[in-house]
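Asker: Okay, handing you the structure first.
Laboratory data are not the source of any read-out in this text; all were calculated from the coordinates shown. None of these values were measured; they are calculated from a predicted model. Note: ideal-geometry Cβ built from the backbone for every residue, glycine included; neighbour counts use all protein chains shown.
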Amino acid sequence: MIYRLLAILALVALIVGVVVLSGPQRESAAPATVGPLHDPGYAARKARLIQTGADGHALYTLDAAQIQQQPNQGTVDLQQVQLGFRDTSGTQWTARADRGRLTQESGVVQLEGGVRVAGALPDKGEPAEISTEHLSFDTQSQIVTTRDPVTLLVSGHQLHAQGLIARLKERHVQLESAVHGSFLP
């Protein structure tokens, strides 16, 4: 008799368990919030970006060991940067830096950390180099600027200053203040 009673209780427990488990699932009281998906942007190693003009020729090239887009900020972060561009006379210039940032839609490249810009003067072909810690290059207006201490080395002669503006289209370089150095004929 006890075996029958245990068998009936086990059968009832099995039926109740099946009904409870197979019934509709209860949903949580708080509705799930669905926000906009996060855009992680793009990233690449050993990347090359080339900006071309209306004629299809390269205005500048930007090589970096690593790039990473920051879509929420509208920028692209760069590591171990090399920027190549030509001035209005067609002379090739190269800028190198530890880091950089390209502001999208503006064409402005910010370089920082051991910035070196090297090329040749268009008239005489003499080597020229600009050294500083921070430098901004506006690729559309072709203006190079810095407010930091800068060293300008031309044909073995050095000039030191605080700040620089180089208007490549006009072939004009202006040292801002605290200029030290001299050029002797």
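Asker: I need the calculated FRET efficiency for the pair SER89 and ASP39, taking r as the beta carbon distance and R₀ as 41 Å, to the nearest 0.05. Before the final figure, lay out the partial values.
Answerer: Details: r = 42 Å, r/R0 = 1.01.
Step by step, r from the Cβ atoms, then E = 0.50.
Asker: Can you tell me how much longer the chain between HIS180 and ARG99 gets when fully stretched, taken as 0.36 nm per residue apart minus their C-alpha distance, in nm with one decimal?
Answerer: My answer for the length gained is 26.4 nm.
Asker: Sticking with this one: Compute the relative contact order of the range 71-185 as a whole-number percentage, counting only Cα pairs closer than 8 Å that sit 6 or more residues apart in sequence.
Answerer: 17 percent
Asker: Pop the C-beta distance of GLN80 and ILE165 into the FRET formula with R0 = 30 Å and round what comes out to the nearest 0.05.
Answerer: Using R0 = 30 Å, I get an efficiency of 0.70.
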